[in-house]
Number of protein chains: 2
Amino acid sequence: MARIVQKFGGTSVADLDRIRNAAGRVKRAVDAGDQVAVVVSAMSGETNRLVDLVRAASPLHDAREYDAVVASGEQVTAGLMAIILQEMGVQARSFLGWQIPLHTDGLHGRARIMDVEGGLLMERLEQGQVAVIAGFQGVSPENRITTLGRGGSDTTAVALAAAIKADRCEIYTDVDGVYTTDPRIVPKARKINRITYEEMLELASQGAKVLQTRSVEMAMNHNVPVMVLSSFEDKPGTLVAHEEVGENADMENEVVTGIAYDKNEAKITLVNVADQPGIAASIFGPLSEAEINVDMIVQNVSPDGETTNMTFTVTEADFDRAVAMLEGRKDELQYQQILADRNVVKISVVGVGMRSHAGVAQRMFSALAERSVNIQVISTSEIKVSVLISEDYLELALRALHTAYGLDATESLEA
Amino acid sequence: MARIVQKFGGTSVADLDRIRNAAGRVKRAVDAGDQVAVVVSAMSGETNRLVDLVRAASPLHDAREYDAVVASGEQVTAGLMAIILQEMGVQARSFLGWQIPLHTDGLHGRARIMDVEGGLLMERLEQGQVAVIAGFQGVSPENRITTLGRGGSDTTAVALAAAIKADRCEIYTDVDGVYTTDPRIVPKARKINRITYEEMLELASQGAKVLQTRSVEMAMNHNVPVMVLSSFEDKPGTLVAHEEVGENADMENEVVTGIAYDKNEAKITLVNVADQPGIAASIFGPLSEAEINVDMIVQNVSPDGETTNMTFTVTEADFDRAVAMLEGRKDELQYQQILADRNVVKISVVGVGMRSHAGVAQRMFSALAERSVNIQVISTSEIKVSVLISEDYLELALRALHTAYGLDATESLEA
């Protein structure tokens, strides 16, 4: 017997048939003797419908009212799920954020969870009832409905799992786990059986959008094992947990666990900036104040020692604003020109094994060099190496790296 | 300066344009210096969509979950209305039932309002803010969402008006007031400028579906003047209030205020029932236990003094059940046969003036006799006379009575 949280995303509750399918999974766990709390998203498309209504009402809307409107999507799914579970003979009731209560701060539209009161839910679970919780929502200190931002139901599920001391949190989605890389590009991509929180964070923030980053951080902080599973197939998924140590450690541990890519980057180069102290601060300070996140940065030493080229990446969404801001400060920054390139992609190899293995970056550079892929920018962290290349080479590079790091599936692995 | 509640029904908030139109009315009141609380229904069609989802989830569903799902419709409208008011420069925020709180009993799906806490709302109103309240919903003693049953937003509006000591409650709908009778049948029908609560109750329960009966009862009990108005036209509506007395009394007060009809009746006659003490109880007791409401009843004395014919009406919805029950008790009731007729209509003339004027019923009987309309059953109350006739004569009878009681509009009245 275990206490588990099962979370079903929008495509897993897209219509009544799919809610029934999800409810069937809940029932199987209950029948097996588990205590189950269920977290549901809005039915697929419903949140978009509600957001569109709010935007059409007013482009500049009160985020508190946005939350009141948009949170209704999860409310509907929670009620329907409870009804369908009851029809299957499973005792169940729905809980909204304010009924648990799930306390958040007052940052409407992207609220942060402050505290989840687990008492009422645990009481229910111990009586053999299933608690169906509307994801994505909480209640503010002012007693108003808040939402956690897109994908927030993952965070609800993990926070809840921590609050009710669940043995694990199961995230049901439309993929059957986390893959070594994008299977649409690399057919030999393998499902990863186990991955650490840190690796998952690197993969997720690099573009592998299976779990919301915040939910992974929260799971790591509260030591909640997370299983990513398909709601449509009965297959083992991917376990996201702390690194295994000691006897139980996986002997087959790969140096590189997965390879992510992010097409949502754009490169900006300021040519011939005066090479003087404080120049980086005067470029990146204003960008930071405008809440433009800068990702990769490289500064080339100039031959004459007087000027330098400063290259960095921002998201495509921030690109136009960033360029406009830099153009407006041309007198101050005294660069010669701005070179801009949106046709770039960032590829990152990720693995905790890098900490103890040398030559991981070198293998990446060689594999790309062999295929004449030019590396424009490099950045590294303890468990990650990222390179920026022309988007034209994405597929070629991804397949080459997947093979170079020994990640390709063999027939026996696939079976 | 007045404190008012403005309630907008489903057709008045059917889409964003109509919500804007309704918000325009709120703004005009605010600009005129009024304190305004707004009650909104779900957008037209939305409640049906949600009810259909619940029913499709399970025909036998938990009423508590039904309420959680269905109450979301008003939640969405309240948020959108607040956003649109803000865009118009009106300070506004939405309130859900649990936020006010509006306390109800635990009879989910048809909860009764126990207590409305007006303090928080009055504080807001006194600061010049508009409170937008989701109608139709409250919170139960178990802290769960309840709904008040169909049309419950009218009741929300009146209960709220009583709680915040409003000067009046304005109900905006798709008609411009209460009419002397159905204008689709009687083109000379006139809008009534002022009507008493008692008359409104008789008209409403007889089929003039402008205001929910419970809301009129509540308005009467709490002495809340209610205005019924069109949200699409700028016309004076109908004031529902206590009878005017003393100097201000309307000298033109008609004996009859309006004429209602109800096609939703069906007639049952038990022929040659034994005419013995207790026979009425043995017929109507079981019907009452089965929650079949009997409306009109007439018992004909038999020529022989040993048997009698018992005629009564039930709603069309209860008709089959009522007949089946009576057939099952044939041995006990010892009637000769059952005559059933669904092709009947009840016509009621209503007016507080009847209390002090004789001959009101006689004028009805004469007018119908002149047109050879056969009266099948008669029932009367202090301010009402009802007759059951063949449905074939509905239009003829309605027009004749409208003329007979001097209710026809003249050109000058219509202008």
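Structure notes:
- Assuming charge only on the beta carbon of Lys and Arg (+1) and of Asp and Glu (-1), the dipole of the stretch B:333-397 about its Cα centre is about 220 debye to the nearest 20.
- Folded to 0 to 90 degrees: helix B:394-404 orientation relative to chain B principal axis, Cα: 80 degrees
- Dipole magnitude of the stretch B:3-174, debye to nearest 20 (Cβ charges: Lys/Arg +1, Asp/Glu -1, about Cα centre): 180 debye
- The mean count of C-beta atoms from other chains within 10 Å of the C-beta of residues in A:46-58, rounded to a whole number, is 4.
- Between B:Tyr66, B:Met43, B:Thr147, the Cα set farthest toward the positive side of the dipole of chain B (charges on each charged residue's Cβ, about the Cα centre) is that of B:Met43.
- Pairwise centroid distance, computed over Cα atoms, of the stretch B:148-223 with the stretch A:60-76, Å: 32 Å
- Sorted peptide list for B:68-79, A:177-188, A:105-116, A:80-91, criterion being average Cβ within 10 angstrom, highest first: B:68-79, A:80-91, A:177-188, A:105-116
- For the stretch B:3-174, relative contact order (Cα pairs under 8 Å, six or more residues apart, normalised by length) works out to 30 percent.
- Extents of the stretch B:3-174, taken as max minus min of Cα coordinates on every principal axis and listed largest first, are 50, 32, 23 Å.
- Cβ-based net charge around B:Arg55, under 13 Å, with every Lys or Arg adding one and every Asp or Glu removing one: -3
- Basic side chains Lys and Arg get +1 at the Cβ, acidic Asp and Glu get -1 at the Cβ, and with that the dipole of the protein assembly as shown about its Cα centre reaches some 220 debye.
- Amide H partners (placed H, <5 Å) of A:Gln35, local residues excluded: A:Ala2, A:Arg3, A:Ile4
- Neighbouring Cβ atoms from other chains, within 10 Å of the Cβ of residues in A:81-94, number 4 on average.
- Violating pairs (Cα-Cα greater than 21 angstrom) within the set B:Lys235/B:Lys263; A:Lys191/A:Lys235; B:Lys7/B:Lys346: B:Lys235/B:Lys263; B:Lys7/B:Lys346
- Computed 3J(HN,Hα) for the stretch A:91-98, one whole-Hz value per residue from the Karplus formula 6.51 cos²θ - 1.76 cosθ + 1.60 where θ = phi - 60°, is 5, 7, 8, 8, 9, 8, x, 6, glycine and proline marked x.
- Nearest-0.05 FRET efficiency for A:Asn223 and A:Asp408, computed from C-beta distance (R0 51 Å): 0.95
- Sequence-ordered 3J(HN,Hα) estimates for the stretch A:158-172 from the Karplus curve with 6.51, -1.76 and 1.60 and θ = phi - 60° stand at 5, 4, 5, 4, 5, 5, 9, 6, 6, 6, 7, 10, 9, 9, 8 Hz, glycine and proline given as x.
- Reducing the stretch B:343-382 and the stretch B:1-44 to their Cα centroids gives an inter-centroid distance of 40 Å.
- In sequence order, calculated HN-Hα J values of the stretch B:225-235 (Karplus, 6.51, -1.76, 1.60; Hz; x Gly/Pro): x, 10, 9, 9, 9, 7, 7, 9, 10, 9, 9
- Three-way shape label, chain B, alpha-carbon gyration tensor, a/c 1.5: oblate
- Chain A - percent relative contact order, Cα under 8 Å, separation 6 or more: 13 percent
- Each of B:Leu339, B:Met364, B:Leu326 was scored by the projection of its Cα onto the charge dipole of the stretch B:309-400, and the greatest displacement toward the positive side belongs to B:Met364; charges sit on the C-beta of Lys, Arg, Asp and Glu.
- Rounded to the nearest 10 degrees, the angle from helix B:316-328 to the longest Cα principal axis of chain B is 40 degrees.
- A DSSP coil position with no more than 14 other Cβ atoms inside 10 Å describes the following GluC sites (Glu not before Pro) in the stretch B:293-341: B:Glu306.
- The residues B:Glu65, A:Glu289, when put in order of fewest to most other Cβ atoms within 10 Å, stand as A:Glu289, B:Glu65.
- Summary for A:Leu107: label point 7 Å along Cα→Cβ; distances to the equivalent points in the other copies, ascending, 4.6 nm.
- With Cα atoms, 0 to 90° folded angle of helix B:213-222 axis to chain B main axis: 70 degrees
The numbers here are math on the coordinates, done by the rules we state, and not lab data. This is a predicted model, so every value here is computed, not measured. Using ideal geometry, Cβ is built from the backbone for each residue, glycine included, and neighbour counts are taken over all protein chains shown.
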